[in-house]
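So the structure is just underneath, and the comments pick up after that.
The values are calculated or read from the model by the stated rules, or taken from the named source; none is laboratory data. Since the model is a prediction, treat every value here as computed from it, not as a measurement. Because the Cβ atoms are built from the backbone with ideal geometry, glycine has one as well, and the counts that use them run over all protein chains shown.
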Amino acid sequence: MFRFKESSCDEKPELIIVPMVDVMLFLLAFFVLIAGSIIPGLAMKTNPPKTLQKSSFHPKKRVITITVKRDGSIYYGNQRLTFEELVRLLKGFKRQSPAVSVAIDADRDASVQSLVTVLDAVSKAGINSVGLLAKEERKRNGSSR
């Protein structure tokens, strides 16, 4: 018959938590830093216009989000852009990937001229797939708009 030898070790095993906490903090920092660069359009808050219709915008493979703030300033991520810089940026994206779409995240109180400026830059860059982000509003019974 087979018998295990009795261990003469009197030490009890210990659970060392410090390395596990270090790894978890590293992962947390990694995901926080990456989240800002993966979703640049969501990093800047706007108050989008409301709509009652479902979206008919069918973006292509790559979507570039351009933000128009209330004061009319234009941003890509957290970088403020002039008209010329926006055209250069969009042309660069068009060269990298011909199947590119632009989503405009404009504040509802932004001037129409700011929106037209972004549309002009998109057209000048040769991109023909563009959409405007809006918050879908649920239809209310008996209300007319």
Subset tally (residues that are part of a strand (DSSP E or B) and basic (K, R)) for segment 66-101 | 1
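Give segment 95-135 a look and list any residue that's of a type in the set (S, T, Y) and touching a Ser or Thr at 6+ places or on another chain (Cβ under 7 Å), or say none. Lay out the reasoning, then the answer.
Going residue by residue through segment 95-135, those that are of a type in the set (S, T, Y) are 97, 101, 111, 114, 117, 123, 129.
Listed by number, the residues that qualify are S101, S129.
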Residues of segment 102-125 classified as small (G, A, S) and assigned to a strand (DSSP E or B), total = 2
If you go through segment 60-76 one residue at a time, how many are modelled with pLDDT of 85 or more, surrounded by fewer than 18 Cβ atoms within 10 Å (Cβ to Cβ) and not charged (D, E, K, R)?
-> 2
Looking at E6, is it modelled with pLDDT under 85 and either out of contact with any strand residue (DSSP E or B) (no Cβ under 8 Å at 6 or more places or on another chain) or surrounded by fewer than 12 Cβ atoms within 10 Å (Cβ to Cβ) (or both)?
-> yes
